[in-house]
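Novice: Quick one: structure below, then a few questions.
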Amino acid sequence: MSLRLRIATTITGVVLVAVAALGVAVHLLVVLDRVHETRASADERMRTAMEIYERTGLLSFDARVDDPDLPGEVADEVEADGSRATLVSGGGTRELWAAGRVGDEVLSTRTTFRPADAQVAAVDRALVLAGAVTVVLAAGVGLLVAGRLARRLRVAARTARSVAGGGDPGALRAAVGDRRDEVGDLADAVDAMAARLASRLRAEQRFTADVAHDLRTPVTGLATAAALLDDSRPAQLVRERATTLAGLVEDLLEVSRLDSGGEVADLDVLDVREAVLGSVRRGVATGEYDAADVVVRTGDEPVLVQTDPRRLERVLSNLVRNAVRHGAPPVEVVQTGCEVVVRDHGPGFPEPLLGDAPDGVRRLSASSRRTGGTGLGLVIATGQAAVIDARLSLDNPPDGGARARLVLPADR
């Protein structure tokens, strides 16, 4: 049940209970008033009958003298000369006794009546009608008020998702308006939190970029010096580590550029099939993996798209390299139209990575570096795919392995 419906239902329920309680109270008051009126009328008739009987000795208003059916409690109340008493008993049909003493004799009358008569029934119908109208109006007002609140909350939710996707950190208060209420307080709190997180993120991005820039020069010098060493085993290890360190620094610089949001695609027309084949051939030529480890299947017809060739090459090479390093052969690269699927037969992606452009890629990159996981390759592939407006999704097929699906925009 939505928040709007819950609020409207609550308001309607409260009003319904209040109307029902008020209707019952009014009904009881009207019935009691009818009983009091009938009792007062009977007492007045008894007073008149006593006066007539005392002056003329005649009975009037159906009065009886020393009626044996007169309840004892009424007779006990009229012990003194001239005293009167009434007694009402019964439920739906009430019995009314009125009595008075004249000398040594007791006059009494007995009548029956229904307190819930036509007049009371008319009052009940009016109460039911008024209550129904009130409940309907309360439901309408509840829906209106709850709808306005729900709309503000929906706007706040959409804006919060936009902020989470990189939007203006202070946009939530503007979206919900300037009203000083609980929704406004929530918007202020979320805006403050988003601004602080954005500030910390920018600081971390600047730190990463500064560290990468500061390391670039000494690492480049180290790699150059290592290239001058002899061909001994220790020298080879130094060259390998220097090359790895230089690649890591370049990856960090690329991540910092992608995080800055200033990267722009340099569009050109290319054939997706040739881009896939060329990327795999370059990986084999540079020794990143053996040709036997990668199986490529492409379509028979050219598929032309407008994209950035360098960035597409970066995405494809990172996906294939990641599959070879962290999966199990054979690695299958299948191109169908504007879609390229890279699949291995290893243990599969960790759960946080699954989905479209997963945020978990960045969270797991540091730990996976230590454990032989995805590293920065998928972080860069995800960022470069976003620059060229391509959709990158990761999943684990039911029969095992890991699968990355890259879909290029076909409308270009």
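The values are calculated or read from the model by the stated rules, or taken from the named source; none is laboratory data. No experiment lies behind these values; they were computed from the predicted model shown. Here Cβ is always computed from backbone atoms with ideal geometry, including for glycine, and neighbour counts include all displayed protein chains.
Novice: Let me spell it out: the conditions are (1) outside any helix (DSSP H, G or I); (2) farther than 19 Å from Ala402 by Cβ; (3) not aromatic (Phe, Trp, Tyr), and Val295 meets all of them except one. Which number is the exception?
Specialist: (2)
Novice: Same structure, new question: Are any of the residues in segment 229-237 surrounded by 12 or more Cβ atoms within 10 Å (Cβ to Cβ) and in contact with a Ser or Thr (Cβ under 9 Å, 6 or more places away or on another chain)?
Specialist: No: zero hits.
Here is a yes/no grid of residues against (1) over 30 Å from Ala246 (Cβ atoms); (2) in contact (Cβ under 8 Å) with a residue 40 or more places away in the chain:
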position	(1), (2)
Ala146	yes, yes
Arg154	yes, no
Ala157	yes, no
Ala174	yes, no
Gly184	yes, no
Ala212	no, yes
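Novice: Shifting gears a bit: Pick from Asn318, Asn322: which is of a type in the set (S, T, N, Q), within 12 Å of Leu394 (Cβ to Cβ) and in the same structural domain as Arg403 (by TED's automatic domain parsing)?
Specialist: Working: Asn318 fails: within 12 Å of Leu394 (Cβ to Cβ).
So the residue among Asn318, Asn322 that is of a type in the set (S, T, N, Q), within 12 Å of Leu394 (Cβ to Cβ) and in the same structural domain as Arg403 (by TED's automatic domain parsing) is Asn322.
Novice: Among the residues of segment 238-262, how many are surrounded by fewer than 17 Cβ atoms within 10 Å (Cβ to Cβ) and in contact (Cβ under 8 Å) with a residue 60 or more places away in the chain?
Specialist: Count: 2.
Novice: Continuing with this model, one more query. Output the residues belonging to segment 35-67 that are in a helix (DSSP H, G or I) and touching a strand residue (DSSP E or B) at 6+ places or on another chain (Cβ under 8 Å).
Specialist: Matches in segment 35-67: Val35, Thr38, Arg39, Ala42, Asp43, Arg45, Met46, Arg47, Ala49, Met50, Tyr53, Glu54.
Novice: When you scan segment 115-128, do you find a residue that is under 20 Å from the mean Cα position of the chain (by Cα) and either surrounded by fewer than 13 Cβ atoms within 10 Å (Cβ to Cβ) or under 30 Å from Leu22 (Cα atoms) (or both), even just one?
Specialist: No: zero hits.
Novice: Looking at Thr56, Thr93, which is the one that is under 30 Å from Val30 (Cα atoms), among the β-branched types (Val, Ile, Thr) and free of Cβ contacts under 8 Å to residues at least 24 places away in the same chain?
Specialist: Thr93
Novice: Now, a different point. So which residues in segment 264-301 are within 17 Å of Arg325 (Cα to Cα), among the charged types (D, E, K, R) and touching a residue at least 24 places away in the same chain (Cβ under 8 Å), if there are any at all?
Specialist: Arg282, Glu288, Asp293 - these are the residues of segment 264-301 that are within 17 Å of Arg325 (Cα to Cα), among the charged types (D, E, K, R) and touching a residue at least 24 places away in the same chain (Cβ under 8 Å).
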